[in-house]
Amino acid sequence: MSSNAAAWLPSPRADLVVGPAALHEPGPGEILIRSRAVAVNPLDDVKQWTGDLMYRWLGYPAVLGEDVAGEVAAVGEGVTRFAVGDRVAAYAVGMERGRRHEAEGAFQLYVVVREDLATPLPDGLSFEQAAVLPLAVSTAATALFQDDQLALRTPTADAAPTGETLVVWGGSTSVGSNAIQLAVAAGYRVITTASPHNESRMRELGAELVVDYREPGAVAAIVSGVGGRPLAGVVAIGAGSGDAAVRIAATAGTRRVALLSPPVAFTTLPRRGGPSIAFLRAMTTIGLSQLATQARARRHGINARFVWGSSLMTSSVGPMLWEEYLPGALAEGRHVCAPAAEIVGEGLESIQHALNLLHAGVSARKLVVRL
Ligand SMILES: NC(=O)c1ccc[n+]([C@@H]2O[C@H](COP(=O)([O-])OP(=O)(O)OC[C@H]3O[C@@H](n4cnc5c(N)ncnc54)[C@H](OP(=O)(O)O)[C@@H]3O)[C@@H](O)[C@H]2O)c1
């Protein structure tokens, strides 16, 4: 095993800097991965450019990153599902409270991950394409299946139809593409939103009806698509989706809404210079919009809760997803790693470039760096 290096966040609101990093041993129930591909997420951008608004406990320098695919380089005590050399994808949880932050952040060559948040990869699936999966599929599963969220029936290889519909607002996001597939695999009929250029992709993933979320009549079109049949819940993904989701739930008749995004996309905020007028305005909008959404939800007896994608780490959803569902579903092609990966560079130095592109919103695909 050679030496390790990481793309460090040296201080708040700074570019990542590549430098040496300790080579950590995997602990009990953990594996060490030689990373071959990482993807960037809005979460990384938010942490990098909003300072200590989130993940205050991280400290500096920090290693960000959640999505990793590569080969197992070492296994910790008690690991039974993996051996050295296996090809895997994993959800790296180094940013979460109580974890070994430097060892478990994805933006490094050797990353420690939990065995129960990793899946073997079939030979035909590239590391680059697999790297789009971890945070997105984990967040989608948390929203759909966790007891304190929509608590839907879980996916299987041959689920019988439930007779219920799920609305996924934001199906063309990474999280939404996974939510559609998971819900269909659990036997739900899915109605989703996307721009017209993504409609056929949404149908390929299993959505029955696709509505353009920018159309003024989107909420009415979805309610009409539900058609008075039982509605299992609404998943709200994308800036500003919460209010639309609660309106759909109130009209189409469900009490369960899972909120995944703030009312304002943090990526629209200016990057440098600390608190600014734009930042304060965005925070005010977020606060007021959330109050309005919650007030509307309460009026209709709707339980609209914010999803924290990492909470599957400590619930039964984590093992259900990573140990039971994904290995078979990926091997048999029942679950695809969507959206398509766009490889934007090679080497740790390219991760900052990928984050710059994410912030600029230049690509609808998932931005991936080869390592
Ligand atoms: N709560 C959590 O734990 C958690 C975890 C992960 C992500 N998230 C949040 O989930 C959201 C999606 O993240 P992601 O990485 O999956 O996104 P992504 O893959 O970057 O999604 C980009 C796509 O989203 C669609 N979109 C943009 N604005 C939208 C809106 N207002 N409503 C509906 N769709 C919209 C666009 O598709 P079209 O081209 O079809 O317009 C765009 O191409 C973000 O807000 C992110 O912060 C939350």
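Taken together, the values in this text are just the output of simple stated rules run on the coordinates, not laboratory data. The shown structure was predicted, so the numbers you read here are calculated from the model rather than taken from an experiment. Using ideal geometry, Cβ is built from the backbone for each residue, glycine included, and neighbour counts are taken over all protein chains shown.
Here are the numbers:
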| read-out | value |
| --- | --- |
| Per-region count, the range 188-211, residues in contact with a Ser or Thr (Cβ under 6 Å, 6 or more places away or on another chain) and part of a loop (DSSP other than H, G, I, E, B) | 3 |
| Residue within the range 295-311 that is touching a Lys or Arg at 6+ places or on another chain (Cβ under 7 Å) and among the polar types (S, T, N, Q) present | yes |
| Number of the exception - Asp44 against (1) in a loop (DSSP other than H, G, I, E, B); (2) buried (at least 21 other Cβ atoms within 10 Å of the Cβ); (3) among the acidic types (Asp, Glu) | (1) |
| Condition check for Leu152: part of a loop (DSSP other than H, G, I, E, B) and surrounded by 19 or more Cβ atoms within 10 Å (Cβ to Cβ) | yes |
| One residue from Val257, Val219, Val264 being in contact (Cβ under 8 Å) with a residue 24 or more places away in the chain, away from the ligand (no atom under 11 Å from the Cβ), surrounded by 15 or more Cβ atoms within 10 Å (Cβ to Cβ) and not in a helix (DSSP H, G or I) | Val257 |
| Qualifying positions in the range 47-68 - assigned to a helix (DSSP H, G or I), surrounded by 19 or more Cβ atoms within 10 Å (Cβ to Cβ) and touching a residue at least 60 places away in the same chain (Cβ under 8 Å) | Gln48, Trp49 |
| Search result, residues across the range 305-339 that are in contact with a strand residue (DSSP E or B) (Cβ under 7 Å, 6 or more places away or on another chain), in contact (Cβ under 8 Å) with a residue 60 or more places away in the chain and not charged (D, E, K, R) | Val307, Trp322, Leu326, Pro327, Leu330, Pro339 |
| Test result for Ser316, more than 16 Å from the ligand (Cβ to nearest atom), surrounded by fewer than 16 Cβ atoms within 10 Å (Cβ to Cβ) and hydroxyl-bearing (Ser, Thr, Tyr) | yes |
